[in-house]
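Taking it in order: structure first as structure tokens, then the write-up.
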Amino acid sequence: MKPALDWLDNRTGYRRLVHETLYENVPGGARWRYVWGSTLAFCFVIQVITGTFLWLAYSPSSQTAWESVYFIQYEMAGGWFLRGLHHYTAHAMTVLLVVHLMQVVIDGAYKAPREFNFWSGIILLQLVLALSLTGYLLPWDQKGFWATRVATNIVAITPFIGPSLQQLIVGGSEYGHHTLTRFFALHAGIIPGAIILFIVGHIYLFRKHGLTPKLPRRRPDAAFWPDQVLRDAVACLAVLAVVLFLVFRYQGAPLGAPADPSEQFSAARPEWYFLFLFELLKYFPGGTEVWGAIVIPGILLLILAVMPFIGNWKLGHRFNLAYLWALLGGAALLTVLAIKADRGDPNYRLAVVTAERDAARVVELARSPEGIPPTGAVSLLRNDPLTQGPRIFARNCASCHRYDGHDGLGAQPKDKISAADLKGFASREWLKGLLDPEKVASLHYFGGTAFSDGKMVNYVKEDVASFGAEDQALLQQAIVALSAEAQLKSQRELDENEAAVIKLGTEALTGDRLGCMECHTFNDSGEDNAPGLTGYGSREWLVAFITNPEHERFYGEDNDRMPAFGEEKSLTRQEIGLVADWIRGEWYVAPAPVVAR
Amino acid sequence: MLNRRHSRFFYLLMDTPESSPQPDRREFIKKAAAVAIGGSLVVAPITAGLFVFMDPLGRKSGNGASVLVATLSSLPENGEPRKFSVLATKVDAWNRTPNVPVGAVYLQRLKENTVRALNVVCPHAGCFVDYRPANSNYFCPCHNSSFALDGAILDPKSPSPRGLDELPVEIRNGNEVWVTFQNFRAGVPEKIPV
């Protein structure tokens with residue numbers, strides 16, 4: 001073995017390299033406070049390894065970025081673990097950078113002759129933060145998209161070169177394919193390349209000037225190997241343990257709904273370690289933003305960079321220490337203020353709930369038998385009745401109607417209810433209420449409309465109220481038959497099992513005893529004085545009704561205030577279909593609910 | 001070969017009149033030529049790369065076209081704003097997708113059947129502003145800028161440098177609301193189209 005190793009050493013000189021690496025002198029012996037640089041190097045190695053494997057499965061374009069990240073997170077074997085490891089190690093790196101900086105400043109390791117080492121460290125700090133910033137966009141979800149819009153708009157206010165710089169970073173004037181290709185090139189190539197160069201320089205300078213010992217030296221000098229290496233390894237293991245805990249606790253890294261520039265996203269926030277900058281911007285009135293976003297952070301960073309010179313003065317080191325604590329304290333305070341403001345804001349909390357719901361829903365849809373179309377996952381949510389129905393309803397219908405007492409999204413509209421509550425529309429339950437003398441004139445049905453004293457209300461309040469047991473039985477059968485016209489998904493099984501009752505109910509509906517055909521039509525019978533009951537509540541019926549309730553098939557000239565959404569083109573045919581499907585409860589239901597990550 | 005050239009380059013940098021009292025002109029030309037040729041070798045790939053890298057600077061936004069957004073009758077007569085997606089042809093590098101949302105606007109019916117259109121994007125940093133019916137104003141959920149229904153800044157300490165961006169509106173055929181959709185640069189007091 002020895003001759004082979006001698007030959008290798010003769011050709012490569014590896015023994016000297018290993019010796020230099022392992023037998024670096026540690027003045028005063030190994031200490032736990034020297035571990036931080038090694039933990040950072042360890043984190044960077046994790047990021048390079050996990051990042052390379054993520055690269056093998058990631059596709060940077062606005063139609064494939066979210067989709068490929070979804071596939072990694074939810075479909076590929078161990079994908080969630082790989083993403084989680086990459087994501088939480090990035091968090092750990094930010095924390096460790098701050099701890100390493102604190103240790104360097106407290107121990108005075110920034111002072112001459114280590115200025116260049118300190119400056120390379122400051123540049124590394126910024127490069128790592130740039131990695132976080134660029135990585136945040138890559139999943140192309142709502143959170144990353146809107147946060148990046150803010151970040152790149154801040155770039156645009158840089159004096160003189162701002163707008164051009166923004167255009168170069170974004171890859172045009174709109175966010176899209178080229179934003180992703182550029183961010184990905186920065187994230188996976190340019191910035192890591194620069195980091196490697198600076199790490200090499202940083203370690204070279206560290207070795208050149210040696211470790212700055214914490215005084216007083218407690219023990220005699222010792223070699224880096226094995227005591228310090230063991231401490232470093234244990235510290236790295238502890239970092240890994242924390243990261244693994246977070247990965248398992250949150251089952252990978254978060255993935256929001258796909259980016260959609262036309263979809264409101266009020267939960268837009270940067271990653272927690274940029275919250276202080278986000279909060280800072282709130283305090284700068286319009287036109288002075290450049291101070292909060294660029295000038296002040298720039299000056300603060302500059303003061304940090306000149307610490308080696310300040311440290312030469314008599315009280316310089318104390319000033320540096322005080323400055324660092326003030327800087328970190330200020331950042332912590334701003335972060336707490338930002339979190340507190342969000343916690344106290346019900347609108348923000350509602351936005352977060354909506355964002356989580358959309359994130360979970362799009363995964364359900366992506367996993368449905370139809371899967372993700374080539375146009376990308378953004379069309380899944382745009383065409384989903386469960387997602388769009390309530391939004392269309394809240395915008396267009398909720399000024400009069402309600403859905404289970406709210407506007408469809410859980411909020412209360414400004415205007416009082418003045419038309420029917422459409423939760424369960426055309427179901428047996430809903431029709432029973434409509435034909436209940438106690439309920440028909442309530443706000444839940446006709447109470448708020450021009451028909452509150454109309455023929456139907458009077459029929460229910462007078463005729464139905466006086467029905468005997470036999471007529472009541474007929475009415476119940478008619479309700480079952482009418483509800484079956486809607487072909488509701490929720491009643492499909494019930495309708496199939498009660499075909500005989502439906503047949504009887506159809507006869508009751510068209511018979512003379514109940515008198516429905518005196519105003520309504522059903523198939524070929526009846527008078528055309530009220531909405532037709534053929535196919536009542538079915539998709540076709542509801543879409544036609546929303547398109548034009550003034551059509552003679554429905555209310556004709558007697559229509560109350562309901563706009564003809566389709567005729568007036570205030571809703572597209574697709575939107576009418578979506579809201580109709582949502583009211584009818586027709587949407588894809590996943591076999592098992594997805595928990596948003 | 002490379003090392004040799006590098007060592008010459010550094011030697012040239014470190015060379016001083018003191019260390020070589022009688023500079024040899026031929027020697028100098030050789031060194032200068034080595035540096036010039038060595039340096040020029042990277043010009044071609046860097047120039048080629050920079051041209052492509054700078055390409056977005058010469059490209060203009062596809063926005064600015066007049067788009068049918070809604071009908072007049074779909075806007076509440078009480079002047080309450082409604083949000084509408086702007087459907088147009090989206091050009092994203094090599095993709096051209098017709099009839100997809102490229103942005104959104106708040107439309108508000110004014111007196112005498114005129115309509116006000118405001119771009120939903122906050123002029124501060126580009127977030128999506130929210131209409132708050134309870135306060136009858138617009139509110140940006142990012143940095144708390146608030147705007148009146150006409151788009152004007154409400155709070156004098158608002159982080160936004162200007163009010164919401166109003167867009168030109170044209171009523172065609174009596175009922176169609178056409179909006180000239182455009183995005184503007186954020187963070188500056190002037191309305192500069194992007």
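The values are calculated or read from the model by the stated rules, or taken from the named source; none is laboratory data. If you're wondering where the values come from, they're calculated on a predicted model, not measured in any experiment. Positions of Cβ are generated from backbone atoms using ideal geometry, with glycine treated the same way; all protein chains shown enter the neighbour counts. These accessible areas exclude ligands, DNA and RNA; they are computed on the full protein's heavy atoms, side chains included. Shrake-Rupley method; radii C 1.70, N 1.55, O 1.52, S 1.80 Å.
With the condition being open to solvent by 60 Å² or more (accessible area, probe 1.4 Å) and under 17 Å from B:VAL69 (Cβ atoms), I'd like the strands (runs of 3 or more DSSP E) fully within the stretch B:92-194 carrying at least 1 qualifying residues.
Fully inside the stretch B:92-194 and qualifying: B:95-109, B:169-172.
Go through the stretch A:356-410 residue by residue and tally those that are small (Gly, Ala, Ser) and within 12 Å of chain B (Cβ to nearest Cβ).
Residues in the stretch A:356-410 being small (Gly, Ala, Ser) and within 12 Å of chain B (Cβ to nearest Cβ): 5 in total.
Can you spot a residue in the stretch A:248-260 that is within 12 Å of chain B (Cβ to nearest Cβ) and under 30 Å from B:PRO123 (Cβ atoms)?
Yes, that holds for at least one residue.
Being surrounded by fewer than 18 Cβ atoms within 10 Å (Cβ to Cβ) and over 13 Å from A:PHE116 (Cα atoms) is the filter here, so list the residues in the stretch A:193-209 that pass it.
A:GLY193, A:ALA194, A:ILE196, A:LEU197
Being part of a helix (DSSP H, G or I), modelled with pLDDT under 95, open to solvent by 60 Å² or more (accessible area, probe 1.4 Å) and away from chain B (no Cβ under 12 Å): is that true of A:VAL353 here?
The answer is yes for A:VAL353.
Among the listed residues A:ALA419, A:ALA441, A:ALA450, which satisfies the condition of being within 40 Å of the chain's Cα centre (by Cα), closer than 21 Å to A:ASN559 by Cβ and assigned to a loop (DSSP other than H, G, I, E, B)?
A:ALA419
Mind checking which residues of the stretch A:380-421 are of a type outside the set (Ser, Thr, Tyr) and in contact with a Cys (Cβ under 8 Å, 6 or more places away or on another chain)?
Listed by number, the residues that qualify are A:GLY408, A:ASP415, A:ILE417, A:ALA419.
Just checking, does the stretch A:175-191 include any residue being over 24 Å from the mean Cα position of the chain (by Cα), among the hydrophobic types (A, V, I, L, M, F, W, C) and within 12 Å of chain B (Cβ to nearest Cβ)?
Yes.
Of B:PRO159, B:PRO81, B:PRO76, which residue is out of contact with any strand residue (DSSP E or B) (no Cβ under 9 Å at 6 or more places or on another chain), within 12 Å of chain A (Cβ to nearest Cβ) and not β-branched (Val, Ile, Thr)?
B:PRO159
Could you check A:ASP512 against (1) in a helix (DSSP H, G or I); (2) farther than 20 Å from A:TRP430 by Cα and say which number it fails?
Just one mismatch for A:ASP512, condition (1).
Looking only at the stretch A:155-173, count every residue that is within 7 Å of another protein chain (Cβ to nearest Cβ) and either touching a residue at least 24 places away in the same chain (Cβ under 8 Å) or over 19 Å from A:TRP140 (Cβ atoms) (or both) and tell me the total.
6
Looking at (1) among the hydrophobic types (A, V, I, L, M, F, W, C); (2) within 12 Å of another protein chain (Cβ to nearest Cβ); (3) out of contact with any Pro (no Cβ under 9 Å at 6 or more places or on another chain); (4) under 24 Å from A:ARG149 (Cβ atoms), which one does B:ALA134 not meet, given that it meets all the others?
Answer for B:ALA134: the failing condition is (4).
Just checking, does the stretch A:466-484 include any residue being at pLDDT below 95, open to solvent by 20 Å² or more (accessible area, probe 1.4 Å), in a loop (DSSP other than H, G, I, E, B) and of a type in the set (Asp, Glu)?
Within the stretch A:466-484 (the criterion being at pLDDT below 95, open to solvent by 20 Å² or more (accessible area, probe 1.4 Å), in a loop (DSSP other than H, G, I, E, B) and of a type in the set (Asp, Glu)), the answer is no, since none of the residues qualifies.
When you check A:ASP581 against the structure, is it under 23 Å from A:GLU429 (Cβ atoms), in contact (Cβ under 8 Å) with a residue 40 or more places away in the chain and more than 14 Å from chain B (Cβ to nearest Cβ), yes or no?
yes
For the stretch A:430-452, name all the residues that are open to solvent by 20 Å² or more (accessible area, probe 1.4 Å) and β-branched (Val, Ile, Thr).
A:THR449
Criterion first (within 14 Å of another protein chain (Cβ to nearest Cβ) and at negative phi) does A:THR39 satisfy it?
So A:THR39 fails the test.
Check whether at least one residue in the stretch A:510-528 is of a type in the set (S, T, N, Q) and open to solvent by 90 Å² or more (accessible area, probe 1.4 Å), and report yes or no.
The answer is yes, given that some residue of the stretch A:510-528 is of a type in the set (S, T, N, Q) and open to solvent by 90 Å² or more (accessible area, probe 1.4 Å).
Looking at the stretch A:547-559, which of its residues are open to solvent by 50 Å² or more (accessible area, probe 1.4 Å) and either within 14 Å of chain B (Cβ to nearest Cβ) or assigned to a loop (DSSP other than H, G, I, E, B) (or both)?
Hits for the stretch A:547-559 are A:GLU550, A:HIS551, A:GLU552, A:ARG553, A:TYR555.
Given (1) in a helix (DSSP H, G or I); (2) under 15 Å from A:VAL26 (Cβ atoms); (3) open to solvent by less than 30 Å² (accessible area, probe 1.4 Å), identify the lone condition not met by A:THR179.
(2)
Any residue at all in the stretch A:574-581 that's under 35 Å from the mean Cα position of the chain (by Cα), assigned to a loop (DSSP other than H, G, I, E, B), more than 20 Å from A:ALA419 (Cα to Cα) and not acidic (Asp, Glu)?
So far as the stretch A:574-581 goes, no, none of its residues is under 35 Å from the mean Cα position of the chain (by Cα), assigned to a loop (DSSP other than H, G, I, E, B), more than 20 Å from A:ALA419 (Cα to Cα) and not acidic (Asp, Glu).
Take the conditions of a type in the set (Ser, Thr, Tyr), outside any helix (DSSP H, G or I) and either touching a Cys at 6+ places or on another chain (Cβ under 8 Å) or within 28 Å of A:TYR70 (Cβ to Cβ) (or both) and apply them to A:THR375. Does it pass?
yes
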